[in-house]
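Here the structure comes first, spelled out in structure tokens, and everything after it is commentary.
The values are calculated or read from the model by the stated rules, or taken from the named source; none is laboratory data. Bear in mind the structure is a predicted one, so any value in this text is a computation, not a measurement. Cβ placement follows ideal geometry from the backbone for every residue including glycine, while neighbour counts extend to all protein chains displayed. Heavy atoms of the whole protein, side chains included, go into the accessibility calculation; ligands, DNA and RNA do not. Shrake-Rupley method; radii C 1.70, N 1.55, O 1.52, S 1.80 Å.
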Amino acid sequence: MAVEFPVPETPPPAESRDATRSARYALITAVVAAVISSVVAAGSAVYVSIDQANHAERQALSQAVRSDREKVYSDYLTSYFELIQELSTSEGNLRITLPREAIATEFQTYATRSVEFYAASSLLLMVGSDEIVEVVDAISTSFLEFARKYADFELHYLAPGAPGANDPTGWTHDSTTLATVIDTVMRKQQNLIGALLTQGHADLGR
């Protein structure tokens, strides 16, 4: 009985093998591209989502800071004008030589306004721009000029056991001198208030 040997398969031609290989490469490339595309798309979506959240958070924070800054600026401006008003009243009282008790009472009111003013100033120095800090410092310095003069006046005429308590001539003279100091301080405000308002306008973005 004759033994039959299997006929070997004829290998596909080289062109066929190349075509098959190319098709596989194309399929793999398409799959990888799809995977990369999906990863990039997902990453982009996550990035956009995070960026939008961060942007919203930054906007909220910016708005909160802006609101707080507006209030600090507003409070400072209010205390500033109240101090100017009290100082102007004190100048008038000194020029018409009111009784010492009335002058002392008026200056107590001024002292209260001063505390409020310097408290508002401190807050503004913490949240204000560098430019407005310079203006606030100049305003505070101008008021201190009067405060130093008044301290000497008070010790000489208004403090218990003051040496000038029974010196009406000296009182009249020094009252006029102190009123002149106040006038000088008030004149300085004419330039300072303009700089304050201009810088405040810039800081608040109005």
| query | Within the bounds of region 116-128, is there any residue that is over 16 Å from Glu154 (Cβ atoms), polar (S, T, N, Q), open to solvent by less than 70 Å² (accessible area, probe 1.4 Å) and modelled with pLDDT of 90 or more? | reply | yes
| field | Qualifying positions in region 155-206 - in a helix (DSSP H, G or I), farther than 27 Å from Thr78 by Cα and open to solvent by 30 Å² or more (accessible area, probe 1.4 Å) | value | Leu155, His156, Pro168, Thr169, Thr172, His173, Asp174, Thr176, Thr177
| task | Filter region 78-115 down to residues that are open to solvent by 50 Å² or more (accessible area, probe 1.4 Å) and farther than 30 Å from Ala165 by Cβ and give me whichever is nearest to the chain's Cα centre (by Cα). | result | Thr78
| note | So, first residue within 11 Å of Tyr110 (Cβ to Cβ) and acidic (Asp, Glu) in region 76-91, second residue assigned to a helix (DSSP H, G or I) and open to solvent by 50 Å² or more (accessible area, probe 1.4 Å), Cβ within less than 9 Å, six or more apart or across chains; the pairs are Glu82/Arg113; Glu82/Glu116; Glu86/Thr109; Glu86/Thr112; Glu86/Arg113; Glu91/Thr180
